[in-house]
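Asks: The structure's right below; bear with me while I get my questions together.
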Amino acid sequence: MLKQYLQFKLSQKLSPQQIQLMKLIQLPTQAFEQRLKQELEENPALEGGKEERQEDELDSDFDNSTDDYEDNESINAEDINVDEYLSDDEIPDYRTHANNYSSDDEEKTMPYAAGTSFTQHLKNQLNTYRLSDEERDIAEFLVGSVDESGYIRRELSDIMDDLAFTQNVYTTEDQIEKVLKIVHQLDPAGVGARHLQECLSIQLHRKAKTVDTELAVNIIDNAFDQFTKKHYKKLLHKFNITEIQLKHAISEIEHLNPKPGGSYAGNNRIVEHVVPDFAIKIVDGELELTLNGRNAPELHVSREYNNMLKGYKDAKDKSKSQKDAVIFIKQKLDAAKWFIEAIKQRQQTLFVTMSSIMHYQKEYFLSGDERNLRPMILKDIADEINMDVSTVSRVANSKYVDTPYGTKLIKEFFSESMKNDKGEDVSTREIKKILETVIEEENKKKPLTDENLASILKEKGYPIARRTVAKYREQLDIPVARLRKKI
């Protein structure tokens, strides 16, 4: 038996413009500048910089009403109201003029590290060795397999196969191992190692021989597992040494570089400079917020496109090619006007969101003490500024703020709340800070277990379970008690 029924479904669909706006809001300052540059290159109807105006033109704000359109929308040239596009109000010289933009907007480029690449640096060193053609081919292939940390993490059997298939070099694992020993002689020390133990061993063998370095070599080569697990009593018994001797040997090991590739500055990667999107200053005891001026570019709609429309309006005979051109111009003008409006909305959203966060965490920004951070989740701010949680998340996740206490990632100000022994809501950030301080002050010969830490926090008025302590400790990248132990 067939049944017929109606089903109603309520759904919300974002327009392409809304999606683009969300993407713009998510971009930090440097990425936003790249997006702006791309839009200026792709849309000839959009121009940057301040436009010169005639005396009889009105210095008006941009008309906020823009027509939604799809790229595949059918436009009838006969229906185009050219006068609408010739209005002075539609060709603005736009920049949001307000006192909430910083003047530090001159630095527009990202610096790069100078010099040759890490791989080329290693290849240049090979020129100082006397190698056969086959050995050189193998050595260069091995050098090309070194990752950013300085390791070769591939099996020799795989390298042997790749040499045969890609370089037409037929060799053996023993021969590759022999050439690898030469690669291990290159700088920085430890480069080309296949694992941490080999990396540390290479570096120790390069050092001048002393009682301490020889013991360190012995520990790394013959008791690496016991060393990494900090089984110091076993090491003392195994090598029949004193605690002082072991301490000196461990000091030698701790001064080695576990990532030799990271010490080379000429690997042509971008030097990451965080550009704060906001700045907070304390002026006469009050907080003052500014948005980086690079987020407020000067933009206007192209005057040349305006003149092209005038020419179309004044023409007596309108050919099909002219009508097609007007359709193209309309689309570009709509896109340019929408982009300008989107930037304005982006600026307002960023400023309103950060302003709300600043006032919510006023005590922290005035003192710099992380214990003054209030519990705050995305919904708290979203409700206060009447925006969606996802919008607040886009602002917080990738933006930085310059404070009197350093440059901070905004999302770090968010934390869940817990109850203390007085029933008051406290931030988990506050608890983590106290946990961090307790661990810093512990006796490193007898580090505190998670159970001990939970007891200490309870005494301080924060009754939390041992498993919660373990979770916070892991979030702080602090190892378990056994691995914090020092001799």
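Asks: Can you confirm whether T172 is among the β-branched types (V, I, T) and in contact (Cβ under 8 Å) with a residue 12 or more places away in the chain? Even if it seems obvious, please write down each step before you answer.
Replies: Values: among the β-branched types (V, I, T): yes; in contact (Cβ under 8 Å) with a residue 12 or more places away in the chain: yes.
Yes, satisfied.
Asks: Just one of (1) charged (D, E, K, R); (2) in contact with a His (Cβ under 8 Å, 6 or more places away or on another chain); (3) free of Cβ contacts under 8 Å to residues at least 12 places away in the same chain trips up D212, so point out which.
Replies: It is condition (3) that D212 fails.
Asks: Quick one: K458 ticks every box in (1) open to solvent by 40 Å² or more (accessible area, probe 1.4 Å); (2) closer than 16 Å to P479 by Cβ bar one, so which box is it?
Replies: Of the numbered conditions (1) open to solvent by 40 Å² or more (accessible area, probe 1.4 Å); (2) closer than 16 Å to P479 by Cβ, the odd one out for K458 is (2).
Asks: Every residue in segment 171-215 that is surrounded by 18 or more Cβ atoms within 10 Å (Cβ to Cβ), part of a loop (DSSP other than H, G, I, E, B) and among the small types (G, A, S), please.
Replies: A189, G190, G192
Asks: When both residues are 6+ apart or on different chains and their Cβ atoms are under 7 Å apart, which pairs have a first residue that lies in segment 275-301 and is without any contact (Cβ under 8 Å) to a residue 24 or more places away in the chain, and a second that is aromatic (F, W, Y) and surrounded by fewer than 20 Cβ atoms within 10 Å (Cβ to Cβ)?
Replies: Hits for this filter: zero, empty list.
Asks: Hey, among the residues in segment 116-144 that are assigned to a helix (DSSP H, G or I) and among the aromatic types (F, W, Y), which one's most open to solvent (accessible area, probe 1.4 Å)?
Replies: Going residue by residue through segment 116-144, those that are assigned to a helix (DSSP H, G or I) are 118-126, 133-144.
Restricting the remaining residues to those that are among the aromatic types (F, W, Y) gives 118, 141.
On the way: F118: 18, F141: 39 Å².
The residue in question is F141.
Asks: A further question follows. Listed residues D334, D324; which is over 22 Å from the mean Cα position of the chain (by Cα), modelled with pLDDT under 85, open to solvent by less than 30 Å² (accessible area, probe 1.4 Å) and of a type in the set (D, E)? Please lay out each step first, then the result.
Replies: Values: D324 fails: open to solvent by less than 30 Å² (accessible area, probe 1.4 Å).
Criteria check complete, one pass: D334.
Asks: Evaluate the following for K247: is it in contact (Cβ under 8 Å) with a residue 60 or more places away in the chain, over 16 Å from L122 (Cα atoms) and buried (at least 17 other Cβ atoms within 10 Å of the Cβ)? So that I can check it myself, show each step before the final result.
Replies: Details: in contact (Cβ under 8 Å) with a residue 60 or more places away in the chain: yes; over 16 Å from L122 (Cα atoms): yes; buried (at least 17 other Cβ atoms within 10 Å of the Cβ): no.
The answer is no for K247.
Asks: Further, regarding this structure: Scan segment 396-416 for residues that are part of a helix (DSSP H, G or I) and modelled with pLDDT of 90 or more and jot them down. Give the steps one after another, and end with the answer.
Replies: Quick first cut of segment 396-416, residues part of a helix (DSSP H, G or I) only: 396-398, 410-413.
Listed by number, the list holds a single entry, I410.
Asks: Follow-up. Residues to consider are E436, E440, E424; find the one that is more than 17 Å from M376 (Cβ to Cβ) and either loosely packed, with under 14 Cβ neighbours inside 10 Å or at pLDDT below 75 (or both).
Replies: Working: E436 fails: either loosely packed, with under 14 Cβ neighbours inside 10 Å or at pLDDT below 75 (or both); E424 fails: more than 17 Å from M376 (Cβ to Cβ).
E440 is the lone residue from the list that is more than 17 Å from M376 (Cβ to Cβ) and either loosely packed, with under 14 Cβ neighbours inside 10 Å or at pLDDT below 75 (or both).
The values are calculated or read from the model by the stated rules, or taken from the named source; none is laboratory data. Here the structure is a predicted model, which means the values were calculated and not measured. Every residue, glycine among them, receives a Cβ derived from its backbone with ideal geometry; neighbour counts consider all protein chains shown. Note: accessible area is taken over every heavy atom of the protein model, side chains too, but ligands, DNA and RNA are not part of it. Shrake-Rupley method; radii C 1.70, N 1.55, O 1.52, S 1.80 Å.
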